[in-house]
2 protein chains.
Amino acid sequence: MGTVTTTSKSEAAYQLVSERITNGAYSPGYRLVLGTIADELGCSVVPVREAIRRLEAEGLVHFTRNVGATVAHVDSTLYLHTMQTLMIIEPAATALAADSMDAAWLARARELNEKMRQCLEDFDPVAFTRMNTEFHQLLYGQCPNPHILDLVQRGWRRLAAMRASSFTHIPYRARESVKEHDALLDLIADHATPAQIEAACREHRAHTLNSYLKAAGMEPSAI
Amino acid sequence: MGTVTTTSKSEAAYQLVSERITNGAYSPGYRLVLGTIADELGCSVVPVREAIRRLEAEGLVHFTRNVGATVAHVDSTLYLHTMQTLMIIEPAATALAADSMDAAWLARARELNEKMRQCLEDFDPVAFTRMNTEFHQLLYGQCPNPHILDLVQRGWRRLAAMRASSFTHIPYRARESVKEHDALLDLIADHATPAQIEAACREHRAHTLNSYLKAAGMEPSAI
DNA sequence: GTACATCAAATCGTATACGATCAGTGTGCG
DNA sequence: CGCACACTGATCGTATACGATTTGATGTAC
């Protein structure tokens, strides 16, 4: 009501389902029945259908003609593929955003990383994950190329959906992560070239990926 | 009736409009009216609407609520952004596909590139462009990561739509392109590492981009 | 007991209909 | 003469309705 922007029912349906998938209310495999969701939203099936198809395009739901939609299953392969995609795009996006990383930006990034460190002390993994996402958004968020930005955001959304299904809660390398963030910020503070930033960022992501592979008992090259 | 595969009307609408955009029948700015397209297809507006929204998600169509859809305008910025995105993803996809580049593959690639060279002799730019697309598909097509593959294909689709609107028909550096293709194939034949392939591929794309920038009278860094 | 054919319930796909919204146009007032 | 406002036509957004398709269950023959 407070919103001036006229939100269509289709948009509302999209946001509702999207939210429920990313926060885990709908687990992978959950059957998304158009009529049910429509009833819940107090609208007809048409807008819901559109929302589901959009989510399908994003890879969050699996859709079969004349059968229906289910929340996309997450398996190891899918996770690795998403990570691999992000490993390519996110560093590039971050490098492109380098221009807008001024002193004020750096201060915010430092502050956020300190908060993450605090979360470690407090054993608060949920807040840590949230802030980690926020930190990375800060990194690539000013990327001037909207297409690239969009791709990165989609990747993170998918990761969020996977995490919500408690798939990737492996013994997290949170401590190393924070250190690597600091090192990256040091690099930026020293006016590193975009190429250097990109390399460091990719390293960071590769470490995360490798630690997952190791935890899952796979070879580092098993992707 | 003849078709065994049940193609939905929505899919038919998607393919029709998509085709017309990519081959230039619908120029940028062209107004896509649901009812009109629906009549033409002999179906109702609902499937058409879904098709349009899908095209919007791909960036081929611009959509305004309660107003309608138009074929997306292509300007220099959009072109550069798309090129920049492809410059990041396509080389990565190609590197990932390196494993499946065996002798038979190499032979096909060589043959295709020779055909392109022949197109140059014959002054047939349309065929050249088609084969260039095909050549690049051969390069990244066996990328085992479906997400990355999808991103690359979307990029090329958008480029095709732009070309159809006769936007990027700048004096083409076709001759250099063919040479670079050969050099790349030599590299692959010599069992280069994926990293080397990626670098070479990125170089190739950077050259294309720079030649466009130069032709448009922009600085190479103006992206 | 198993395999297959048949049937019914559930769900999707699309047509049609109507209300909502927006761009363009004409009219009245300043 | 120019601007603001109401009106109109076009188009979209969504509800409802019905046919099409699939799935799972039931019953029957072997």
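The values are calculated or read from the model by the stated rules, or taken from the named source; none is laboratory data. Just so it is clear, the model here is predicted, and its values are computed rather than measured. Cβ coordinates were reconstructed from backbone atoms using ideal geometry, including for glycine residues, and neighbour counts include every protein chain displayed.
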I'm trying to understand the selection: among the residues of segment B:49-94, which are touching a Pro at 6+ places or on another chain (Cβ under 8 Å) and assigned to a helix (DSSP H, G or I)? B:His81
Those residues that are of a type outside the set (Gly, Ala, Ser) and over 21 Å from the mean Cα position of the chain (by Cα), I need them from segment A:176-223; list them, please. A:Asp186, A:Leu187, A:Ile188, A:Asp190, A:His191, A:Thr193, A:Pro194, A:Gln196, A:Lys214, A:Met218, A:Glu219, A:Pro220
Give the residue that is surrounded by the most Cβ atoms within 10 Å (Cβ to Cβ), with candidates limited to residues of segment B:59-82 that are farther than 16 Å from A:Leu149 by Cβ and facing another protein chain (nearest Cβ under 10 Å). B:Arg65
How about segment A:28-40: which of its residues are away from chain B (no Cβ under 14 Å), outside any loop (DSSP other than H, G, I, E, B) and more than 8 Å from DNA strand D (Cβ to nearest atom)? A:Arg31, A:Leu32, A:Gly35, A:Thr36, A:Ile37, A:Asp39, A:Glu40
Could you say whether any residue in segment A:92-99 is in contact with a His (Cβ under 9 Å, 6 or more places away or on another chain), more than 9 Å from chain B (Cβ to nearest Cβ), more than 9 Å from DNA strand C (Cβ to nearest atom) and under 20 Å from A:Thr208 (Cβ atoms)? yes
Determine whether B:Ser8 is closer than 28 Å to B:Leu151 by Cβ and more than 16 Å from DNA strand C (Cβ to nearest atom). no
Pairs under 8 Å by beta carbon, first residue closer than 17 Å to B:Thr36 by Cα and at pLDDT 90 or above in segment B:59-81, partner within 11 Å of DNA strand D (Cβ to nearest atom) and among the basic types (Lys, Arg), six or more apart or different chains? B:Phe63/B:Arg53; B:Gly68/B:Arg31; B:Ala69/B:Arg31; B:Thr70/B:Arg31
Restrict the check to segment B:82-89 and report whether at least one residue is more than 28 Å from A:Cys143 (Cβ to Cβ) and not polar (S, T, N, Q). no
Here is a check on your reading of the model: is B:Val46 within 14 Å of chain A (Cβ to nearest Cβ), β-branched (Val, Ile, Thr), out of contact with any Lys or Arg (no Cβ under 7 Å at 6 or more places or on another chain) and outside any helix (DSSP H, G or I)? no
Subset tally (residues that are closer than 24 Å to B:Arg20 by Cβ and out of contact with any helix residue (DSSP H, G or I) (no Cβ under 7 Å at 6 or more places or on another chain)) for segment B:78-122: 1
Could you say whether any residue in segment A:12-19 is in contact with a Leu (Cβ under 7 Å, 6 or more places away or on another chain) and within 8 Å of DNA strand D (Cβ to nearest atom)? yes
